[in-house]
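The values are calculated or read from the model by the stated rules, or taken from the named source; none is laboratory data. Treat the numbers as computed from the prediction; the structure is a model and nothing was measured. Glycine gets a Cβ as well: all are built from the backbone with ideal geometry, and neighbour counts include every protein chain shown.
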Amino acid sequence: MPKTGMVKVQTRTLKTRAKLIEAAQVVVDEAGYEALRVEQVVASAGVAKGTFFAHFKDKDALMEQLIGPKVDSYLDAIETLPAPKDVEGLVQALMPLVGFMTSERYVFDVILRHSGAAAKETIGPIAQNFQRTGMVLGPWLAMGPFRKDISPELLADGVGAFLIQAMALHYCALHNEMLMQDQLRIYLNAWLMPQA
């Protein structure tokens with residue numbers, strides 16, 4: 001059984017962390033993710049800068065705690081939708097999520113850095129979102145008119161990869177002339193509905 005003093009310290013630590021996250025969310029709501037500065041967060045939360053770094057390795061670690069739950073909320077909404085009957089339906093279902101993930105270049109960069117594909121040592125909320133995306137899409141793809149020669153899990157992995165590619169091209173000066181949904185539609189038609 002934990003000692004009373006340890007419980008008080010843990011409770012205070014959790015409250016401080018929540019206070020930092022709440023202060024950061026206010027800044028983001030007012031000015032956007034990229035505009036957030038650690039100095040603003042600690043001033044708003046009424047804590048020392050060292051306290052911030054006791055809770056978060058850096059600004060990105062805090063951003064992961066803000067962006068991860070937001071992505072989760074989009075996945076929650078996607079899960080309530082009926083399985084798409086074609087590629088167009090799939091693209092339309094994914095566009096609100098894509099819109100958030102590309103709402104700022106900084107958001108997209110944080111998502112990529114914390115996706116789990118960048119040899120991260122820990123699995124945080126964003127990497128968990130990528131896993132959850134596959135778990136949401138797999139059953140959809142199994143029910144749809146999509147190719148059946150590979151598993152729904154592999155189909156979902158491919159959709160995830162093409163999502164990232166379409167979003168990355170959105171930020172590429174050489175390849176951003178096409179709308180993301182149009183690029184995604186091309187990729188997904190080729191991946192999910194290959195012609196013999």
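Residue-by-condition table, conditions (1) of a type in the set (G, A, S); (2) under 25 Å from G124 (Cβ atoms); (3) assigned by TED's automatic domain parsing to the domain that holds L20:
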site	(1), (2), (3)
K49	no, yes, yes
L62	no, yes, no
Q65	no, yes, no
G68	yes, yes, no
V71	no, yes, no
L81	no, no, no
P84	no, no, no
V87	no, no, no
L90	no, no, no
(request) Name, by its number, the condition in (1) surrounded by 15 or more Cβ atoms within 10 Å (Cβ to Cβ); (2) not assigned by TED's automatic domain parsing to the domain that holds N176 that does not hold for D109. (result) (2)
(message) I need the full set of residues from the stretch 79-96 which are surrounded by 18 or more Cβ atoms within 10 Å (Cβ to Cβ) and free of Cβ contacts under 8 Å to residues at least 60 places away in the same chain, in order please.
(response) A93
(request) For the stretch 119-128, state whether one or more residues are in the same structural domain as E64 (by TED's automatic domain parsing), loosely packed, with under 14 Cβ neighbours inside 10 Å, without any contact (Cβ under 8 Å) to a residue 24 or more places away in the chain and part of a helix (DSSP H, G or I). (result) no
(message) I'd like to know if the stretch 99-117 contains one or more residues that are more than 23 Å from C172 (Cβ to Cβ) and modelled with pLDDT of 85 or more.
(response) no
(message) For the stretch 18-45, give me each residue that is in a loop (DSSP other than H, G, I, E, B) and either touching a His at 6+ places or on another chain (Cβ under 8 Å) or over 16 Å from E64 (Cβ atoms) (or both).
(response) G32, A35, R37
(message) So for the stretch 142-163 (the condition being loosely packed, with under 14 Cβ neighbours inside 10 Å, in the same structural domain as D76 (by TED's automatic domain parsing), among the β-branched types (V, I, T) and modelled with pLDDT of 90 or more), does at least one residue qualify?
(response) yes
(request) Go through the stretch 150-192 residue by residue and tally those that are in a helix (DSSP H, G or I) and either of a type in the set (A, V, I, L, M, F, W, C) or farther than 17 Å from P139 by Cβ (or both). (result) 27
